[in-house]
Structures are given as structure tokens and as C-alpha cells.
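S.K.: Let me give you the structure first, and then I'll get to my questions.
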Amino acid sequence: MTALPATLRAASAALLLAGPAVAGLGDLAFPVRSALAAEAAPAVQGRFVAGLGDVPAMPGLAPAGEEPMVFDKPGGRIAEAVMTGRVGRKDVVSFYDQTLPQLGWKRTAERTFVREGEELRLEFVGSGTAQPTKVRFVLNPR
């Protein structure tokens, strides 16, 4: 199976995540990342993990207030972003296990995915059950 071009992945992500809003189940907004995505879903205003391109933000997760760290270097991108929300850890894992493969990511281990020479890890920060779930997205060259 060949990997999808970045513009097609962004359009796919926007359409995939817009499904509940289109069906009348919610009012979701997603950032448009490319001209192709804009043509495919002109009414969709995107919602992706800051600094990670087309990695969708799970509904219920929001930026944790920390700016994402992004380094572009000749060997590839290094990026880290943190999102938080009152969602269960199992729900977060389930969402990304279902969503990321549709965008060309292949799961290689629990909470670890690879695509086109990059590795994406999901790490849970903190341990309190009364606290909101905090997820760190770590992207490294592979």
C-alpha cells in the first residue's frame, strides 16, 4: 500500500472528522491545511494537533496552554505538543488507533505509529484520575 500525499491526507482527515457535524451530531470545526482540503471540504475549518500537520485533535481534547515545540532539521521534523481534556485514556487510544491508519499511519506498538520516515508516540502525562487527561504527542524522524 502506498502512502497518501500530504494534501490528500489533510483532506481525508478533515472529511473523516467532519462526519459527526455533517450528520447533525455536533458542530465541529477543523483547520484547512491545503488547497485540496479546501476544495474537498470548503465549509470545514480544521482542528488538528498544533505543530503536527495533519494529526487530528480528538474531540474533547484542547491545547494544554503550552506552545508546541517544533524543529525542522535535515534529518526530519521533531515536534511535541500537549493536549488535555476530560476524556478517558482508553477513548484517546481507541480514537487514534482508528483514525491514524486512515491517514497513512501504521501502528507499530501500543500508542506508537509510523509513516513516511516519522514516528508518532502518544504519551499520557500525570496520573490523577480526578484530573483531566493530558496527552503528549511526540513526533521524531525514524
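Here, each number is a calculation from the coordinates, and none is a lab measurement. These numbers come from a predicted model, not from an experiment. We place every Cβ from the backbone using ideal geometry, glycine too, and count neighbours over all the protein chains shown.
S.K.: How many residues does the range 93-142 hold that are among the acidic types (Asp, Glu) and without any contact (Cβ under 8 Å) to a residue 24 or more places away in the chain?
M.R.: 4
S.K.: Please specify each residue of the range 67-101 satisfying the condition of being exposed (fewer than 14 other Cβ atoms within 10 Å of the Cβ) and under 23 Å from Pro141 (Cβ atoms).
M.R.: Within the range 67-101, Glu67, Met69, Phe71, Asp72, Lys73, Pro74, Gly75, Pro101 meet the criteria.
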